[in-house]
Amino acid sequence: MNRSLLQLESLELYREDHLIFTDISFRIESGDHLVIRGQNGSGKTSLIRTICGLTQADKGLILWNEISIDQSLINYYEQLAYLGHKNGLIPELTLNENINYGLHEADRVEQDQVVKGFRLEGLRHSLIQNLSNGESRKTALSKVISSKKPLWVLDEPYANLDSDSISYLNNCIGEHINKGGIVITSTNRNDTIETKTTELLMGST
């Protein structure tokens, strides 16, 4: 995996006249796991969406490999795997159909391993609309993990996961950063994430 670098420089965001966050700056590169921590309403999701180019900051810059993402958004998206609060799955399709969409044939073996890791093998032909919240979340995470994208941005990925699934996800994150990937995780969990290399604490505004 090629070396990668993500930089935020003095990012600021307002919603109408309400300040969401200000002066957010950091630099993370291959092998880093940034944990964005804070309670609900602290601006974590707004920052995640801004990092992903889904919300436009009022001030500041986001650079991927020293190029503003505004100048090369398509290239940035080719490197980015994003998981938001919503799972981004099609309810009328099966688990298999959802996770296979856009996946290269060469990645199917790794995908099979992830499906087994999350204990979803018996649900491959089940419609997403018939799955539990936890099963749907694990399906969405399987898509990210199988994507081969160097940058994973995960908004509250532990929501609706059981303890075994949390452990498996943390193992996958560890393997990804050991291979030179970058992970950004937002969470309101207070326990320590062992793969964390840096932390950003968001304050309630």
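Observations on the model:
- Residues being open to solvent by 30 Å² or more (accessible area, probe 1.4 Å), over 22 Å from T195 (Cα atoms) and of a type in the set (G, A, S) - total across region 1-47: 2
- Residues of region 168-205 that are surrounded by fewer than 19 Cβ atoms within 10 Å (Cβ to Cβ), modelled with pLDDT of 95 or more and of a type in the set (G, A, S): G174, G180.
- Complete set of residues in region 51-73 that are within 18 Å of N2 (Cα to Cα), surrounded by fewer than 16 Cβ atoms within 10 Å (Cβ to Cβ) and hydrophobic (A, V, I, L, M, F, W, C): I67
- Looking across R3, R15, R27, one residue alone is closer than 17 Å to I182 by Cα, among the charged types (D, E, K, R) and free of Cβ contacts under 8 Å to residues at least 40 places away in the same chain. It is R27.
- If you filter region 133-164 down to residues that are in contact (Cβ under 8 Å) with a residue 12 or more places away in the chain and over 16 Å from the mean Cα position of the chain (by Cα), you find that the one that is surrounded by the most Cβ atoms within 10 Å (Cβ to Cβ) is E135.
- Taken as a whole, the structure leaves E92 outside the set of residues that are of a type in the set (D, E), at pLDDT 95 or above, in contact with a helix residue (DSSP H, G or I) (Cβ under 8 Å, 6 or more places away or on another chain) and open to solvent by less than 60 Å² (accessible area, probe 1.4 Å).
- Yes/no for K179 being of a type outside the set (V, I, T) and within 11 Å of the chain's Cα centre (by Cα): no
The values are calculated or read from the model by the stated rules, or taken from the named source; none is laboratory data. This one's a predicted model, so the numbers in the text were calculated from it and none came from an experiment. So basically every Cβ, Gly included, is an ideal-geometry build from the backbone, and we count neighbours across all protein chains shown. Heads up: the accessible areas ignore ligands, DNA and RNA and are worked out on the full protein's heavy atoms, side chains in. Shrake-Rupley method; radii C 1.70, N 1.55, O 1.52, S 1.80 Å.
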